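A.B. asks: One structure, pasted below without further comment.
Bear in mind that the values in this text are calculations on the coordinates, not laboratory data. What you are looking at is a predicted structure, and each value in this text was computed from that prediction instead of being measured. Cβ: placed from backbone, ideal geometry, glycine included. Neighbour counts: every protein chain shown.
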Amino acid sequence: MRRTTFAAACAAGLTFLVATQPTTAQQLVEGQVVKIDDAAGKITLKHGPIKKLEMDEGMTMVFKAQDPAMLKSVKVGDKVKFDADRVNGQITLTRIDKVK
């Protein structure tokens, strides 16, 4: 009886942990490339809300690229999915993927 109860509790707990973990797709924000400044390592994106950065509305803004090489994978007008975070107090683009 105890084994069954413990196993059921473990399974329920694992299910809860898995269900509450955000997936990468849920974290990515949809946007569109407006401008790329290769020399400065910056990109301007028109994007939707970025909840983790407490941006509840979409806007157009400039992001510094964590790795300027990632800017080579996109061009102006491309639809993208991206992630950004605060790095040393500055909102920084940490990932960008072109939407096919």
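A.B. asks: Long-range amide H contacts for Asp78: which residues qualify at under 5 Å (H placed 1.01 Å from N, peptide plane, sequence gap of 5 or more or a different chain)?
C.D. replies: Amide H neighbours of Asp78: Val33.
A.B. asks: Given Cα positions, please report Rg to Rh for segment 24-95, the hydrodynamic radius being the Kirkwood one.
C.D. replies: Radius of gyration over Kirkwood radius for segment 24-95 works out to 0.92.
A.B. asks: Further, regarding this structure: Amide H of Arg95 versus every other amide H placed in the peptide plane: which residues, excluding those fewer than 5 positions away on the same chain, fall under 5 Å?
C.D. replies: The answer is Asp83.
A.B. asks: Would you mind computing, in nm to one decimal, how far apart the modelled labels at Gln32 and Thr60 are, each placed 7 Å from Cα along Cα→Cβ?
C.D. replies: That separation, rounded to one decimal, is 1.0 nm.
A.B. asks: Give the lysines reachable from Lys98 as a straight Cα distance under 17 Å; neighbours fewer than 8 places away on the same chain don't count.
C.D. replies: Lys35, Lys42, Lys46, Lys72, Lys75, Lys79, Lys81
A.B. asks: Here is a follow-up. Can you compute the modelled spin-label distance between Ala39 and Thr94, with each label point 7 Å from Cα toward Cβ, in nm?
C.D. replies: In this crude spin-label approximation the distance works out to 3.0 nm.
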